[in-house]
Amino acid sequence: MDLVEIRELEDCFDGGSKLEYRFSAAIGDEFMRRMAAGSRLDFFPEFPRPFFKIFHGNGIQVKGVLGDSCVEVYFPRADMKKIRRQFEEEIGRLLPKRS
Amino acid sequence: MPQPVYLNNAATSFPKPPPLGKEVCSWLDALPFHAGRSGSPARDPLQSCRQKLARILGVADPARIALSRCATESLNIALHGLRLKTPTVLASAAEHNSVLRPLFLLRRMGRIDLHLVPCDGQGRVRRGEWLRLTKELRPALAVLTHASNVTGAVNPVTELFSAVHESGGLTLLDASQTAGLLRLDAGELQSDLLAFTGHKYLLGPTGTGGLYVRPGIDLDPLLTGGTGVRSDLQEMPPEMPMRLEPGTPATPLFAGLAACLDWQEQHPPSRPSMDRILIRLEDGMRRAGAQVIAVSGPRTPIISFTLPGWETADAGLALEKGFGIICRAGLHCAPLIHEALGTLPGGAVRFSLSRFTTDDEVDAAVDAVRRMLHGPR
């Protein structure tokens, strides 16, 4: 599984930004839980496509549904460049390796 | 995953009438044609479209309708092209950014003094304030949306624009949310200029819109260029509509829009049926626990709401991706109205229906909201 595209969605009122990260395969339960490790996870498994929202300590929020190939990520204004770079490095490490 | 339910018709309508695709493709496959330039087809699709639009807008002379890419372009043509007697312009807090942003730009350029009339909690312009400011400021131009794209509240345009005329000003109506849905008559609505889009309730393709300009009003063109005739002139010809239509037109798209208008004339929408489905949705949403923005009086088929415990953006995403309910969440490009609605900073979720929306579809939307708020049945 690879990260194939990053697309800007919109700027937010508080100065933050929202981006869409698209992967080469559908997001599964395992990848979602890896992204959520050590963070708060709101998970709605009973929805037709289970919805999740992850609250990272640094203000990043990751939202999406299982079975979809992309997530929306909110970055707060403070230190945006730095935490975005850290997030993308972390995502690179968490992506399931191709067998 | 069940079939998607499309409830975003205030953004663009879906589905489209059956003849649209066939008509557009037939013009794409046909020999290129542009009236006045080359070729001599049996019928001019642009003229045919203009005639049908004139009937819908209650306009006597189709030549007073300039075709454009969208309502945004039409509004820019009007706002940048008017030579106003004074810089005073009146608009409302319910306006879409397609009105607000050109006005803010003109204000920054020092060309206008802008006064915005607030809305009430339903998204309708405050009538008393509008009338008071009209009398006090005597605006050279008043711009108003016919209906809010956030709440669907229809403004009492005839009364509000009559007051502007009585004080000597011109009027520009943004009919993006009502053309094809409500009966329009530019004269009855006291609209000197009327901007519309083809892809919402006129059911046509994106890339189509237009601007009606009352006889006697001369706009400076926003764009200049070739018209195929009067090529000896250094500037755009004075005749409408070519004065405002430089460049090669999107003939296949307007042929498609004309086909949609024909279809709509043969199959008029049933307002009672649409109203019944809207009420079914609204009642269901309230029972499910949604905080619906209440709108009384004339309205378009829109329900906007927030969900307790859910951020608006998350609710929209969960509805769309989790349940397949395609809707819109956020500010809806109308940032100023949300102060009156009490929906800042996140805005609201909007369900917007069309003549094609079914009972089953609104029931699916209500069920999704209920499950988001209360869990599985």
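The values are calculated or read from the model by the stated rules, or taken from the named source; none is laboratory data. These numbers come from a predicted model, not from an experiment. Neighbour counts run over all protein chains shown; Cβ positions are idealised from the backbone, glycine included.
Here B:Phe351, B:Phe323 are screened, and the one residue that is surrounded by 23 or more Cβ atoms within 10 Å (Cβ to Cβ), touching a helix residue (DSSP H, G or I) at 6+ places or on another chain (Cβ under 9 Å) and closer than 26 Å to B:Ala93 by Cα is B:Phe351.
A residue that is hydrophobic (A, V, I, L, M, F, W, C), closer than 30 Å to B:Leu100 by Cα, within 14 Å of another protein chain (Cβ to nearest Cβ) and buried (at least 17 other Cβ atoms within 10 Å of the Cβ) occurs nowhere in the stretch B:284-306.
Between A:Ala26, A:Ala78, which is closer than 27 Å to B:Ala364 by Cα and over 12 Å from the mean Cα position of the chain (by Cα)?
A:Ala26
Whenever a residue of the stretch B:261-276 is under 15 Å from B:Ile302 (Cα atoms), its partners that are modelled with pLDDT of 95 or more and among the β-branched types (Val, Ile, Thr), lying with C-beta atoms within less than 9 angstrom and at least six residues away or across chains, give the pairs B:Met274/B:Thr357. When restricted to residues that are farther than 16 Å from B:Pro252 by Cβ, of a type outside the set (S, T, N, Q), assigned to a loop (DSSP other than H, G, I, E, B) and within 26 Å of the chain's Cα centre (by Cα), the stretch B:1-32 contains 7. Scoring A:Leu9 on the criteria (1) away from chain B (no Cβ under 13 Å); (2) in contact (Cβ under 8 Å) with a residue 60 or more places away in the chain; (3) of a type in the set (A, V, I, L, M, F, W, C); (4) not in a loop (DSSP other than H, G, I, E, B) leaves a single failure, condition (1). Where strands (runs of 3 or more DSSP E) fall wholly inside the stretch B:84-190, the ranges with 3 or more residues that are surrounded by 22 or more Cβ atoms within 10 Å (Cβ to Cβ) are B:88-92, B:141-145, B:170-174. Taking interchain pairs and intrachain pairs at least six residues apart, which have beta carbon atoms under 6 angstrom, with the first residue in the stretch B:334-351 and within 12 Å of another protein chain (Cβ to nearest Cβ) and the second polar (S, T, N, Q)? So the pair list comes out as B:Gly346/B:Thr312; B:Gly347/B:Thr312. Being basic (Lys, Arg), under 21 Å from B:Leu79 (Cα atoms), touching a residue at least 12 places away in the same chain (Cβ under 8 Å) and surrounded by fewer than 22 Cβ atoms within 10 Å (Cβ to Cβ) is a property that B:Arg280 lacks.
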